[in-house]
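Here, each number is a calculation from the coordinates, and none is a lab measurement. Not measured: the values here are computed from a predicted model. Here the Cβ positions follow ideal geometry from the backbone for every residue, glycine too, while neighbour counts run over all protein chains shown.
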Amino acid sequence: MSHYVQQIEAWADQYADRDPQAILEFALQEFDSIAISFSGAEDVVLIDMATRLKKPISVFSLDTGRLHGETYKFLEKVRLRYDLDLEILFPESSAVQELVQRQGLYGFYREGHYECCAVRKVEPLRKKLSTLSAWITGQRRDQSPTRHHIPVVQIDPAFSTVHRTLIKFNPLAEWRSEQVWQYIREHNVPYNPLHTQGFVSIGCEPCTRAVLPNQHEREGRWWWENTTAKECGLHAGNLGRSIPSTPPAPSINPVKIAVGV
């Protein structure tokens with residue numbers, strides 16, 4: 001295992017300053033059982049880059065059941081544009097039913113977002129990643145304080161187990177938001193129309209809102225919580241921990257939350 005860790009660290013050093021296309025090409029060459037996680041603008045940039053490499057790619061997306069209508073249309077637009085065999089992951093209906101029965105449809109405003117995200121996002125992702133050797137994400141270092149130090153390739157600290165090591169590629173780690181959007185404009189890449197309405201980081205409809213000029217993009221996510229740890233659990237390793245079996249209690253902003261805003 002220690003030798004494998006050294007190999008991944010060597011790759012991270014070797015590709016730290018390489019273009020995303022080079023990192024992506026290496027990832028697709030090195031691993032057969034690998035997939036791109038798709039939800040936002042960065043991920044479509046990676047899909048566009050991968051198709052230009054003329055390599056077969058596997059792409060999956062999470063449907064939490066609470067996405068914006070615009071997001072569902074966006075997923076379909078990307079599927080058709082790139083002729084993808086897009087795999088949609090769904091949460092276990094029994095787990096969702098139990099959660100809603102216990103907390104209500106908007107219990108996360110009172111209890112925090114961790115448990116809802118665990119049911120609707122983390123567990124479906126965990127199930128998918130258990131079938132892969134590696135996955136590719138659109139994380140950038142400038143997205144959040146929790147992502148400032150992510151390498152371009154790493155052993156996934158959240159979804160690896162004592163029996164199985166999962167590799168995680170972050171080809172856009174060193175890119176800034178403006179580079180992502182420059183690529184989108186230059187290559188006519190599809191994007192979620194919510195971006196034209198002030199939404200920057202887009203998640204589930206009840207937990208996402210538009211941000212004001214000069215607000216950080218992650219301020220529109222789970223805005224009612226007094227925390228800088230703006231992660232849903234998909235990238236829990238950025239917080240320096242694996243995914244807990246019992247989600248931690250968040251610090252809730254002591255203001256009344258209006259349902260559906």
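Each residue of region 13-27 was assigned a 3J(HN,Hα) from its phi angle through the Karplus expression (A = 6.51, B = -1.76, C = 1.60, θ = phi - 60°), giving 5, 5, 9, 4, 10, 7, 5, x, 4, 5, 5, 5, 4, 4, 4 Hz with x at Gly and Pro.
Treating the beta-carbon of each Lys and Arg as +1 and of each Asp and Glu as -1, no other charges, what is the dipole magnitude of region 2-239 about its Cα centre, to the nearest 20 debye?
Charge dipole of region 2-239: 340 debye, to the nearest 20.
Distance between the 7 Å Cα→Cβ label points at Val162 and Leu80: 5.0 nm. Among residues other than Ala210 with Cβ under 15 Å from its Cβ, the summed charge is -1 (Lys and Arg +1, Asp and Glu -1). The phi torsions of region 108-121, fed into the Karplus equation with coefficients 6.51, -1.76 and 1.60 and a -60° offset, translate into couplings of 5, 5, 9, 8, x, 8, 4, 5, 4, 5, 4, 6, 8, 10 Hz, rounded to whole numbers, with Gly and Pro shown as x. When you filter the GluC sites (Glu not before Pro) in region 56-101 for DSSP loop state and at most 13 other Cβ atoms inside 10 Å of their Cβ, you are left with Glu92. Of the three principal axes defined by the Cα atoms of region 1-41, the extents in descending order read 34, 24, 18 Å. With equal scatterers on the alpha carbons only and no solvent term, can you work out the Debye log10 of I(q)/I(0) for region 1-127 at 0.18 1/Å? Debye intensities relative to I(0), on a log10 scale: -1.04.
Two numbers describe the Cα atoms of region 87-165: Rg and Dmax, which are 15.2, 41 Å. 3J(HN,Hα) couplings calculated from phi for region 211-218 with the Karplus curve 6.51 cos²θ - 1.76 cosθ + 1.60 (θ = phi - 60°) are, in sequence order, 10, 7, x, 6, 6, 5, 4, 7 Hz; Gly and Pro show x. Relative intensity of region 2-239 on a log10 scale, I(q)/I(0) at q = 0.10, 0.16 Å⁻¹, equals -0.46, -1.27, per a Debye sum over C-alpha point scatterers of equal strength in the absence of solvent.
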